[in-house]
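The values are calculated or read from the model by the stated rules, or taken from the named source; none is laboratory data. Just so it is clear, the model here is predicted, and its values are computed rather than measured. When we count neighbours, we look across all protein chains shown, and the Cβ atoms used for this are built from the backbone with ideal geometry, even at glycine. Surface accessibility is based on the protein's heavy atoms, side chains included, excluding ligands, DNA and RNA. Shrake-Rupley method; radii C 1.70, N 1.55, O 1.52, S 1.80 Å.
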Amino acid sequence: MFTGIITGVGRIADLHAQGSSLDHGKRLTIEAPPGYLDDVGLGDSIAHNGACMTVTTLDAPNHRYTIDVSAESLACTAGLATVGNRVNLEKALRGNDRLGGHIVSGHVDGIGTVTRFARVGESWELRVMAPPELGKYLAYKGSITVNGVSLTVNQIQDSAAGCEFSINLIPHTVENTSLGQLADGSQVNLEIDTVARYVERMLSASSTPHKDPSA
């Protein structure tokens, strides 16, 4: 589990194909900030742009480690297949950590497209078009994870193309995550609020008649 509070920004330093087929995934070498790996061990979970991955090799003195990303994960995420890309990093939540953002699972629910990223006063406005199937999970003042960052929805607008939502980014967020590199047309990983997921399930289940197993 994660909170959506980014603890470092890494870089994809190398990318190695695990096989010649499109069914094979990639091994990514991630370059982390100095000291970031001091408390990381093999098998630990780290979210990369919101996608939870397992540390498979570790070279802490050189601030590098690898993750193996399956073809399925690559197809369902954005920003994890290009050498040089900066990625938001967050280590898995510990039992005694503060929940500074919201409960995040590290499982990407869909890919959104940036429709506007512009400075407004001292902050920035970020608008993202989410896939239509995610629209029912987005609400005014609700939580959404964009490239692993826990953010609050300020506006929503439904259309046939999907659900466009607007977010305000303070300077600290822009300076300490990779979101500052976004531009119109950029693709971003989205994870809906876990609470919204359960509410939708409960509402849909309550409308389905239950059969008596003894009947």
So, first residue within 18 Å of Ala60 (Cβ to Cβ) and touching a residue at least 12 places away in the same chain (Cβ under 8 Å) in region 1-29, second residue surrounded by fewer than 16 Cβ atoms within 10 Å (Cβ to Cβ) and of a type in the set (D, E, K, R), Cβ within less than 8 Å, six or more apart or across chains; the pairs are Leu28/Asp14; Thr29/Asp14
Going through region 1-16 one residue at a time, which ones are hydrophobic (A, V, I, L, M, F, W, C) and either open to solvent by 40 Å² or more (accessible area, probe 1.4 Å) or part of a loop (DSSP other than H, G, I, E, B) (or both)?
Met1, Ile5, Ile6, Leu15
Unique match (being of a type in the set (Lys, Arg), open to solvent by 10 Å² or more (accessible area, probe 1.4 Å) and within 22 Å of Asn189 (Cα to Cα)) among Arg86, Arg98
Arg86
What number goes with the only condition from (1) modelled with pLDDT of 95 or more; (2) assigned to a helix (DSSP H, G or I); (3) surrounded by fewer than 16 Cβ atoms within 10 Å (Cβ to Cβ) that Leu203 does not pass?
(1)
Candidates Arg64, Arg27, Arg94, Arg86 - the one that is within 20 Å of Thr173 (Cα to Cα) and basic (Lys, Arg):
Arg86
Residues in region 49-59: is at least one modelled with pLDDT under 95, over 19 Å from Phe2 (Cα atoms) and among the hydrophobic types (A, V, I, L, M, F, W, C)?
no
Could you please give the count of residues in region 167-176 that are under 15 Å from the mean Cα position of the chain (by Cα) and open to solvent by 50 Å² or more (accessible area, probe 1.4 Å)?
0
Please identify the pairs in which a residue from region 32-47 that is farther than 24 Å from Ser150 by Cβ has its Cβ atom under 8 Å from the Cβ atom of a residue that is part of a loop (DSSP other than H, G, I, E, B) and at pLDDT 95 or above, counting only partners at least 6 apart or on another chain.
Pro34/His63
Answer residue from region 112-139, given it is of a type in the set (Ser, Thr, Tyr) and farther than 16 Å from Glu191 by Cα and is most open to solvent (accessible area, probe 1.4 Å) among those
Thr115
Among the residues of region 140-149, which ones are closer than 20 Å to Val199 by Cα and within 18 Å of the chain's Cα centre (by Cα)?
Gly142, Ser143, Ile144, Thr145
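So, of the residues in region 150-166 that are within 14 Å of Ile192 (Cβ to Cβ) and of a type in the set (A, V, I, L, M), which turns out to be most open to solvent (accessible area, probe 1.4 Å)? Spell out the reasoning first.
Residues of region 150-166 within 14 Å of Ile192 (Cβ to Cβ): 150-153, 156, 162-163, 165.
Filter again for of a type in the set (A, V, I, L, M), leaving 151, 153, 156.
On the way: Leu151: 14, Val153: 1, Ile156: 67 Å².
Among those residues, the one meeting the criterion is Ile156.
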Taking region 80-91 as the region of interest, how many residues are within 15 Å of the chain's Cα centre (by Cα) and modelled with pLDDT of 95 or more?
8
Leu179 being within 14 Å of the chain's Cα centre (by Cα), surrounded by 15 or more Cβ atoms within 10 Å (Cβ to Cβ) and in contact (Cβ under 8 Å) with a residue 24 or more places away in the chain
yes
Hey, Ser21 hits all of (1) surrounded by fewer than 18 Cβ atoms within 10 Å (Cβ to Cβ); (2) in contact with a strand residue (DSSP E or B) (Cβ under 8 Å, 6 or more places away or on another chain) but one; which does it fall short on?
(2)
